[in-house]
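Please read the structure below before turning to the comments.
The values are calculated or read from the model by the stated rules, or taken from the named source; none is laboratory data. Not measured: the values here are computed from a predicted model. All Cβ positions, even for glycine, are placed from backbone atoms using ideal geometry, and neighbour counts span all protein chains on display. We work out accessible area using only protein heavy atoms, side chains counted, and drop any ligands, DNA or RNA first. Shrake-Rupley method; radii C 1.70, N 1.55, O 1.52, S 1.80 Å.
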Amino acid sequence: IDDFFFSTESPDIKTKNSRRKPSPKMIDEAVKKYNLDKNKCFMIGDKKTDLMAAKNASIKGFLFEGGDLSIKINKILKYHL
């Protein structure tokens, strides 16, 4: 893990410039900060808003429904990238 990106905004307050998912802002910040190629990026999340944030940031999104996360990551790397 190289970094953490998080929102300090309350989920009850809706603002136009929110960093909360499904906004792509935190993903875009990471892409810019680390000069990432979005074609090689993906997001794993356990909620619909995680997948929506990935879509809004133009990266691949994968739903994690539990189990061994390393198996999920290995399948993504093998079959999707």
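The Rg/Rh ratio of the chain, with Rg taken over Cα atoms and Rh as the Kirkwood radius over Cα pairs, comes to 0.98.
Between S10 and I44, the simple label model (points 7 Å from Cα in the Cβ direction) yields a spacing of 3.4 nm.
Surface analysis of the range 1-51 yields an accessible area of 82 Å² per residue, using protein heavy atoms and a 1.4 Å probe. Summing Cβ point charges (Lys, Arg +1; Asp, Glu -1) relative to the Cα centre of the chain gives a dipole of roughly 340 debye. Starting from the Cα gyration tensor of the range 37-81, take the square roots of the eigenvalues, sort them a ≥ b ≥ c, and report rounded, prolate or oblate (rounded when a/c is under 1.5, otherwise prolate if a/b is larger than b/c, else oblate). Since a/c reaches 1.5 but b/c is at least a/b, the shape of the range 37-81 is classed as oblate. Just list whichever of K32/K60; K32/K72; K21/K60 have alpha carbons separated by over 23 Å in the model shown. Distance filter (> 23 Å) returns K32/K72.
Which residues make up the longest stretch of the chain that has no trypsin sites (Lys or Arg not before Pro) in a DSSP loop with at most 10 other Cβ atoms within 10 Å? It works out to 17-81. Here the accessible area of the chain is 54 percent carbon and sulfur, with a 1.4 angstrom probe and all protein chains present. The calculated 222 nm mean residue ellipticity attributable to helices in the chain amounts to -10500 deg cm²/dmol, summing -39500 (n - 2.57) over DSSP H runs of n ≥ 4 and dividing by all residues. Accessible surface ranking for T8, T49, T15, 1.4 angstrom probe, highest first: T8, T15, T49.
Assuming 0.36 nm per residue, please report the length gained on full extension of the stretch Y34 to K78 beyond their Cα-Cα distance.
Details: separation 44, 0.36 × 44 = 15.84 nm, distance 2.32 nm.
This chain segment gains 13.5 nm when fully extended.
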